[in-house]
Amino acid sequence: MNIGLDISTKVLGYAVSTKNKVVDCGFHDISKIDDLLGKYLEIERFLNEYLEKYPEVETATLEDFLKSFSGMRTSSNTIVKLTKINTLSEWYVYQRFGRENMFHVHPSTARKHVLGKGQFGGKDTKVEVGKLVESKYGVNLKWTKAGNLSKGNDDIADAVVLSKYPFSI
């Protein structure tokens, strides 16, 4: 089993998969915690408790963060916070699973391997990934009336893709 983790400063998306199915997935909201160390400690607490339910999980996949970002849409303060929370979380994964059981992958590379496409030709990537994750893996995501993914559900979809990545390479 593999756990895919989509880590941000507001939400932790997670998914546990085998080669044949998505066993479990969800998100954990950390947006109300003010400081980064508190956010990390909550991620660590949550994952320790969560992984007790799945002792068969032997590997973890994390996004390669900040290899690229959307220019002016991301502030330098957000980039610094994201770098810190991801570094702390990567340390947790390293300690728990060891370096040889960690995968790092760029989101578009994971999508290409798992979903068959990495680019969506001008369409809203989050929406398209959500639709493909639902249809391919039977995951029920929540949507707004406007047709967007509800809070945390884009993180779930990304975590599912990450959790399936090692089985697709």
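The values are calculated or read from the model by the stated rules, or taken from the named source; none is laboratory data. Source: prediction; values computed, not measured. Glycine gets a Cβ as well: all are built from the backbone with ideal geometry, and neighbour counts include every protein chain shown.
Details
- Search result, residues across region 1-46 that are among the aliphatic types (A, V, I, L, M), surrounded by fewer than 21 Cβ atoms within 10 Å (Cβ to Cβ) and closer than 28 Å to Ser168 by Cα: Met1, Val11, Val22, Val23
- From the options Lys117, Lys84, Lys145, Lys112, residue that is modelled with pLDDT under 95, outside any helix (DSSP H, G or I) and charged (D, E, K, R): Lys117
- Just one of the listed residues (Leu88, Leu115, Leu132) is buried (at least 16 other Cβ atoms within 10 Å of the Cβ) and free of Cβ contacts under 8 Å to residues at least 40 places away in the same chain, namely Leu132.
- Residue within region 56-79 that is under 29 Å from Glu128 (Cα atoms), surrounded by 14 or more Cβ atoms within 10 Å (Cβ to Cβ) and touching a Lys or Arg at 6+ places or on another chain (Cβ under 7 Å) present: no
- Failed item in (1) surrounded by 16 or more Cβ atoms within 10 Å (Cβ to Cβ); (2) closer than 21 Å to Ser8 by Cα, with Ser150 passing the rest: (1)
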